[in-house]
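Report on one structure; see the data block that follows.
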Ligand code: AMP
């Protein structure tokens, strides 16, 4: 099993880069945010308990995530390759991930930090639009749909996610600084931290990220 953790502020483009490089690496892009949104939509017990945290921009309790990731790794074939986007989000989750990986004879191979400036984050998050039906993501400037406000893939009307509203964005960034940003130092100490410049356009970020894998 080969596990890569993607680090970076909300809006850094972790999801975009993961989606772009996953096919070339034959890897599975796992977004815990997307999994939680699916759970909310499906009305599962995990989803119901997660929604209030997500709408406020707070982290969902660690145990919910530990269960989700534990199940994912347990069902994966031994040669699976994962790009984890949005997990871990704090040091306790990183320790949990190490423990869960070890249970499958694996370790976290690398933490890929997508580095951006605060200005980039605000611009990207403010312009983000999401399809409520199929989950496809857009951006009004950098990745607009073919028809304004309509999903290219399924034709549904695009929305601003509850947690992409301005006041929630500010709170998510504060949570990131307090809880998630320290993970870079944590992985650096373990000799696993690698950086890509996330302020570039998506093609260049994907190219640099693939180079990290020697691909
Ligand atoms: P994201 O799509 O990664 O920005 O995640 C959206 C929301 O889902 C976050 O603001 C959190 O409320 C929740 N979430 C996603 N991943 C995690 C995680 N690893 N730990 C706690 N909450 C999470």
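Among the residues making up the stretch 58-79, none is more than 9 Å from the ligand (Cβ to nearest atom), crowded, with 17+ Cβ neighbours inside 10 Å and farther than 13 Å from residue 100 by Cβ. Out of all the residues in the stretch 36-43, is one or more in contact with a strand residue (DSSP E or B) (Cβ under 7 Å, 6 or more places away or on another chain), within 8 Å of the ligand (Cβ to nearest atom) and under 24 Å from residue 143 (Cα atoms)? Among the residues of the stretch 36-43, not one is in contact with a strand residue (DSSP E or B) (Cβ under 7 Å, 6 or more places away or on another chain), within 8 Å of the ligand (Cβ to nearest atom) and under 24 Å from residue 143 (Cα atoms), which makes the answer no. Among the conditions (1) more than 15 Å from residue 3 (Cβ to Cβ); (2) within 13 Å of the ligand (Cβ to nearest atom); (3) part of a helix (DSSP H, G or I), the only one that residue 96 does not satisfy is (1). Among the residues of the stretch 101-131, those that are touching a helix residue (DSSP H, G or I) at 6+ places or on another chain (Cβ under 9 Å), assigned to a helix (DSSP H, G or I) and closer than 30 Å to residue 158 by Cα comprise 118, 121, 122, 125, 126. When residue 77 is tested against (1) more than 25 Å from residue 175 (Cα to Cα); (2) in contact (Cβ under 8 Å) with a residue 24 or more places away in the chain; (3) in a loop (DSSP other than H, G, I, E, B), exactly one condition is not met: (2).
Mind checking which residues of the stretch 174-189 are in a helix (DSSP H, G or I), farther than 23 Å from residue 135 by Cβ and out of contact with any helix residue (DSSP H, G or I) (no Cβ under 7 Å at 6 or more places or on another chain)? Scanning the stretch 174-189 gives 174, 177, 178, 179, 184, 185, 187, 188, 189.
A short reminder: the numbers here are calculations on the coordinates, not readings from a lab. Fair warning: this is a prediction, and the values are worked out from it, not measured in the lab. So basically every Cβ, Gly included, is an ideal-geometry build from the backbone, and we count neighbours across all protein chains shown.
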